[in-house]
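To start, the structure itself, in structure tokens.
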Amino acid sequence: MGRLFGTDGVRGVVNRELTVELALKLGLAIGTWFGTGSRILVGRDVRVGGDALMHAVIAGLEAVGCKVYVAGLAPTPAIQYAVRKHGFDGGVIVTASHNPPEYNGVKVVGSDGVEIPREAEREIEEIFFGSRWRYASWKSFVWEAKPWPNVIEDYVDAVASMVDDEAIRRRGFRVVVDAANSVGTLATPRVLQKLGVKVYTVNSDLNPLFPGREPEPTPDTLRETRRIVAELNTDLGVGHDGDADRAIIIDEKGEAWWGDRTGALLAAHVSERHPELPKRVFTGVSSSTLVEEYLSRFNIEVRWTPVGSVVISRMLIREGGIAGFEENGGYMHPLHQPVRDGAMTTALFLELMAHEGVKASELFDRLPKYYAVKTKVPMPREKAVEVVNEVKKHFSGQRMVTIDGVKVFGDGWWFLVRPSGTEPVLRIMVEARSPEEAKRLAEELKKLVEEIARSKA
């Protein structure tokens, strides 16, 4: 059987891997899986082909008897919140999150607003590849998609209600929001304004070509926004991805911080504010070991998971905890909803700053210091899996986690080697206590990986 779903939904280059025909068949398969009569909320981000792909999915859903409601343009976490709040049977979101502009995708969420589990993805794939969708009878094929209003308004109110608005308002914060020319601009500035924050927007016009920067928020892609934060002397900056479920925090000095750093700080804060929550967090193996070092001070357990927000969300729901988060900027606040949520992350960070009475840079200074180097080596997934197995053998004497690729721990350093779930590459991440050591280790590891790959040719 073929594969459709990757780390987070079905993705591909528009009109190449991801065509309207494929989206239609996906709609048929997804609707068959949910069942005739299911109420499904559908929305999208600003990406190229989004309107056509969304309507193709809607056509497939309706053809198998689903009742479709349309959220339109909205952040992914806003649609997820609406699915859960209003009792939908599920949702479909047309988005490729952080991928380059030529990509789009289809994400499926369950009635709880969380991406469906891996086993459900496999079941939809079986329906898709076996063409086993069940068309509705002509008498049942009468439903017309209806707009579902106030998705963004309800979401903005919900996020703002989850934080100490009085404490935030007293500080009179000034914040730069970089929405990556996509749907984050429809929600995050409004959340902050509701909290009394003075907002400056960057890349805030909706444009599917993403002219301001690449959709993935990283210290490199946010370089111009970082400069603006520092020059305007604002208290904070935030960079979203294409569907605004990620938030990369920028401190007042213009330094951008990976999500595992932000996640560690927020988890400690939330644990103190909500001692009733189980003292554990869930984070992917791509997060830094500094998470363990820092959260051990608060007696908070760290559970390592495979990379992918779906896995983290489902574990957080099943076992309970303070938070789930990823190094890419995805943070999950289960008291709001157990999914990545960029606006919620931003509001929580402002609450932390307000309660501590310190600057953002002073909060990040509390963390153990590690320096990261990330790189990748192009290769098919099958070869990447072989290379990972050889790397495991090479470092067999070290402590390691092997639930997704191989993460190896050393004295003052760690690295992760894993096949990408969205691209034909082997990803390499290294951290060490000095930038020189991190760079040296990354170069040595990349050389080792390339040698192994050549030997497997």
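The values are calculated or read from the model by the stated rules, or taken from the named source; none is laboratory data. Only a predicted model underlies this, so the values are computations on that prediction, with no experimental measurement involved. FYI the Cβ positions are ideal-geometry reconstructions off the backbone, even for glycines, and counts take in every protein chain you see. Heads up: the accessible areas ignore ligands, DNA and RNA and are worked out on the full protein's heavy atoms, side chains in. Shrake-Rupley method; radii C 1.70, N 1.55, O 1.52, S 1.80 Å.
Please go through the residue pairs LYS393/LYS446; LYS253/LYS359; LYS253/LYS374 and name each one whose alpha carbons sit more than 20 Å apart in this structure.
Check vs 20 Å cut-off fails for LYS253/LYS374.
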In nm, spacing of pseudo-spin labels at ASP157 and SER455 (7 Å Cα→C-beta vector): 6.3
Would you calculate the separation in nanometres between label points at PHE129 and GLU255, each defined as 7 Å from the Cα along the Cα-to-beta-carbon direction? 4.8
Just from the alpha-carbon atoms, what are the Rg and Dmax of segment 295-346 in angstroms? 10.6, 28
Near the amide H of THR305, under 5 Å away, which other amide H atoms are found, from residues 5 or more places off or on another chain, if H is placed in the peptide plane? THR283, GLY284, VAL285
Only sites in a loop by DSSP and with at most 15 other Cβ atoms within 10 Å count here; which chymotrypsin sites (Phe, Trp or Tyr not before Pro) in segment 205-284 make the cut? none
Between GLY65 and residues 5 or more places away or on another chain, the pairs with built amide H atoms under 5 Å apart involve ALA136
The answer for trypsin sites (Lys or Arg not before Pro) in segment 135-176 that fall in a DSSP coil and have at most 10 neighbouring Cβ atoms within 10 Å is LYS139
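Restricting attention to segment 63-161, which chymotrypsin sites (Phe, Trp or Tyr not before Pro) occupy a DSSP loop and are surrounded by at most 12 other Cβ atoms within 10 Å? Mind showing how you got there, number by number?
Working: sites: TYR69, TYR81, PHE88, TYR103, PHE128, PHE129, TRP133, TYR135, TRP138, PHE141, TRP143, TYR155; in loops: PHE88, TRP133, TYR135, TRP138, PHE141, TRP143.
Here the chymotrypsin sites (Phe, Trp or Tyr not before Pro) that fit, given the DSSP loop and packing criteria, are TRP138, PHE141.
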Put a dot 7 Å past each Cα toward the Cβ at ARG169 and THR375; how far apart are the dots in nm? 5.2
Over the chain, give the accessible area per residue in Å² for a 1.4 Å probe, as an integer. 39
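Which percent of the accessible heavy-atom area of segment 237-306 goes to carbon and sulfur, probe 1.4 angstrom?
Details: 930 of 1990 Å².
Answer for segment 237-306 is 47 percent, counting heavy atoms of protein chains only.
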From the P(r) of the chain, could you give the percentage of C-alpha pairs in the tail past 38 Å? 21
Considering the dipole of segment 211-365 built from charges on the beta carbon (Lys and Arg +1, Asp and Glu -1) around the Cα centre, which of PRO219, VAL302, ILE248 is farthest to its positive end? VAL302
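Over all distinct Cα pairs, what is the inverse of the mean 1/r for segment 263-359, reported as the Kirkwood hydrodynamic radius in Å?
Details: mean 1/r = 0.0763 Å⁻¹.
Answer for segment 263-359: a Kirkwood hydrodynamic radius of 13.1 Å.
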Under 5 Å, built H, 5+ apart or other chain: amide partners of TRP148: VAL70, ALA71
Report, to the nearest whole %, how much of the accessible area of segment 48-135 belongs to carbon and sulfur atoms, 1.4 Å probe, protein only. 51
Give me the extension gain from ARG399 to ARG273: residue separation times 0.36 nm, minus the current Cα-Cα distance, reported in nm with one decimal. 42.0 nm
